[in-house]
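In what follows, a single structure is set out as structure tokens and then discussed.
Just so it is clear, none of the values below were taken in a lab; they were calculated from the coordinates. Note that this is a predicted model, so its numbers are computed, not measured. Neighbour counts are summed over all protein chains in view; Cβ atoms, including those assigned to glycine, are modelled from backbone coordinates with ideal geometry.
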Amino acid sequence: MNAADAAALLPLHRPDRAPDSRVQKAVRVAEADPALAAALATQTHFDGQILGVIRSIVPPENLGHKLRAAGARHDAPKPKAASHVFNPVMLTAVLGGLLIIGFLAWTVIERMEKFPGREAAERMLAATSKMSGVELDPVSLNAGGLQDWFYMRGFEGFSVPPEFAPLPAVGSRIFRIDGHAIAQVAVDRRNSILYVFRASDFGVEIPADQPWRVIAHDAWTAALQRRGDICSMIAFKGTKAEMQEFLGTLKAP
């Protein structure tokens, strides 16, 4: 099992449950990998917080008495459905259930946004927010046709997802963070910026060939996808909903 496979299985690990063999193997791989070990520790701490919140939900002290009293009234006329809805006991139970469901849904969404290497992606967005535009060299090719352009400037292996290949590029450059090269392309759609970099250079660990991982940072929203060791990221100023809509308009040739 490699690090990427282990990263995909680690969200299934729960400290208070006996894991299956694959999850156990993923944990062993994570313990030998500093980045995965840190992610696992963060996940375990977060899971503990969730359990603490759920276990802190205490029903009213008289809940048992009210339930027993309601069950003892066999001869009483059956209340109308509306009275069940507005019964304080039912409302308490329903609202408590909705609270737990909402909290768990929020937790799943938060965990999807947290992954090893996210900080590097945020640094790329921060660097872009400081650009004036003059840093880019003008180009008049589609994004998928820039392999030679980047190869001649020392960036090997440039490639983009098929749905990004037809996007018209208006400028491009290579910049570096911590000595690692990043290919950057301005595309003529929603004032978007496309980044291509090696996932291993920045410790980005997201499952390969999976749907886009959408994150937000300051005023920027970005979507990442990994194929092999090449990671692509598209970003623009906007919301996550706008990013999902934008990705839905792209069609692979």
Förster radius 45 Å - calculated FRET efficiency between SER132 and ALA37 (Cβ-Cβ, nearest 0.05): 0.65
Calculated FRET value between ARG190 and GLN210, using beta carbons and R₀ = 22 Å, to 0.05: 0.45
Inter-site label distance for LEU141 and ARG22 at 7 Å from Cα along Cβ, in nm: 4.0 nm
Alpha-carbon centroid distance for the pair region 213-253 / region 118-166, whole angstrom: 14 Å
Debye, to nearest 20: dipole size of region 141-253, +1 on Lys, Arg Cβ, -1 on Asp, Glu Cβ: 180 debye
ILE174-GLU119 pseudo-label distance in nm [points 7 Å out on the Cα-to-Cβ vector]: 2.7 nm
Long-range HN-HN contacts of SER192 with modeled amide H, under 5 Å: VAL187
In nm, spacing of pseudo-spin labels at ALA165 and ASP218 (7 Å Cα→C-beta vector): 3.4 nm
